[in-house]
Amino acid sequence: MKTKKNFICVITLCTLVLASCGGDGDDPMVIPTPSAPTTPISGDIDINFSFDYVNSKDSRPLMQSNSFSQQQKDSLQTAFTQEMGKVNGKRSKVVTAATFLVSLKCRVPYGHEWKVTDTHDYDYVGRYTKKGLFLNEFVENGSTHKPWGEMIPTHPRYPRQNIKNLGDEYENGLHCSSYIGWCLFNGNAVTDVALLEKTYANDYRTFPSTKELALKGNVDLIRVGDLIGFPGHIAIVIGIKGDLVVYASAEGGSAYPGKGISWLTFNKKTIDFDKFTYKYFIQMNKVYGD
C-alpha cells in the first residue's frame, strides 16, 4: 500500500460557484467552509470538505427542476471540469467526482432505473454514464432526456408496488450503483460503458480486479475511494478523518422520495459491526492502478 498522501482541496474552490436551491436568480452564493477537523488525517487522499461532517448530518433538500438557473448550471459544469482537471490519478479523480455531488446545495435525487427496448425515453432515467453533470436536457436517438431533478413519468410496466409511495412520476437522478458507475467513469477508472451499465449493487462484489473483505476485523484496511456495501446496496468512501469514515451513497431505493445522493459517516472504533448495516468493503487498488 502506498503511504504518500495526495492532498486535494476540491470543495474549497467549488464553493465559489455552488448555487442555492431556490432558483431565485443567477448570482452564485458562497457556502461557508466548516471548521477544520480536529482529528489527524489518515489515508492517502484528503479532501477539505465544505460540509461539517463532524457535528452535523446531510440535510440538503432534493434537487428540483428550478433549483439552478442556466447560468448556475453552466458555472457548475465549468467548476466540475476544472476540479477534475486539478487532480491526478484514478483514485483521486473518482473521489473528486463523488465528493462534488455531495457538496452541491441540493441532493441529486434517487433515480429509479427502468430499461426498456421499445423506446429510448428511459435510457438516462436513473443512470447517466457520461462525462459531466446531468443538468440540461438533451436529445438522443429521437428522445428528449430530462436531467437530474426533472419529473419523469413512471413507466406503465414499472413494478411500482416494490417502492413505497411511488406514484405516476418521480424525479430523475441516480441510484446506488449508477452513482458509483458515474464516479468511476468520470474518474477514468473504468471506461467500459457497457460494463458499468450492467453492473448493479451486488455485482460490485465480483467486479473485475477487486477484492471483497468483511468490514469487521478489516476496517483499518479501508482506503478513500474503496467501496462499502451490504447485500443490495453499494456506496463509496470519500474521506477518512482519524477514526471517522465519510462515505457517499444514493439513499432511497425502497421508498419514495428517497434522500438522494448523501454523505454519511461512521466511527470505525466505536461502531458495532454486528449491528451496522454495512457488512463489507471492496478494495479498488487494482482498478485504480495504485
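Scalar couplings 3J(HN,Hα) for the stretch 157-168, obtained by applying the Karplus form with A = 6.51, B = -1.76, C = 1.60 to θ = phi - 60°, are 9, 5, x, 5, 5, 7, 10, 4, 6, 6, x, 7 Hz; x denotes Gly and Pro. In terms of packing, defined here as the mean over residues of other Cβ atoms within 10 angstrom, the peptides 98-106, 272-280, 72-80 line up highest first as 98-106, 72-80, 272-280. Pairs exceeding a 27 Å alpha-carbon distance, out of 115/259; 130/269; 211/268; 90/164; 164/268; 146/198: 130/269; 90/164; 164/268.
Computed extension length for residue 168-residue 200: 9.1 nm, one decimal, from 0.36 nm per residue of separation with the Cα-Cα distance subtracted. For residue 228, nonlocal amide neighbours, meaning residues 5 or more places apart or on other chains whose placed amide H falls under 5 Å from its own, are 235, 236, 237, 282. Each label point was placed 7 Å from the Cα along the Cα-to-Cβ direction; for residue 265 and residue 191 their separation is 3.8 nm. Each peptide in 51-59, 245-253 gets a packing score, the mean of other Cβ atoms within 10 Å over its residues, and the list from highest to lowest is 245-253, 51-59. Just to confirm my numbers, what's the Cα centroid distance between the stretch 248-290 and the stretch 70-102 in Å? The stretch 248-290 and the stretch 70-102 have Cα centres separated by 21 Å. For residue 170, the residues whose amide H sits under 5 Å from its own are 152, 154, ignoring neighbours fewer than 5 places away on the same chain, with H placed 1.01 Å from N. The 3J(HN,Hα) values that the Karplus relation (6.51, -1.76, 1.60; θ = phi - 60°) gives for the stretch 62-79 are, in residue order, 6, 5, 10, 5, 9, 5, 10, 6, 5, 5, 5, 4, 4, 5, 5, 4, 5, 4 Hz. Gly and Pro appear as x.
Values quoted throughout were computed directly from the atomic coordinates according to the rules given, and no laboratory measurement underlies them. Here the structure is a predicted model, which is why all the values come from computation and not from measurement. No Cβ is skipped: glycine too gets one built from the backbone with ideal geometry, and neighbour counts run over all protein chains shown.
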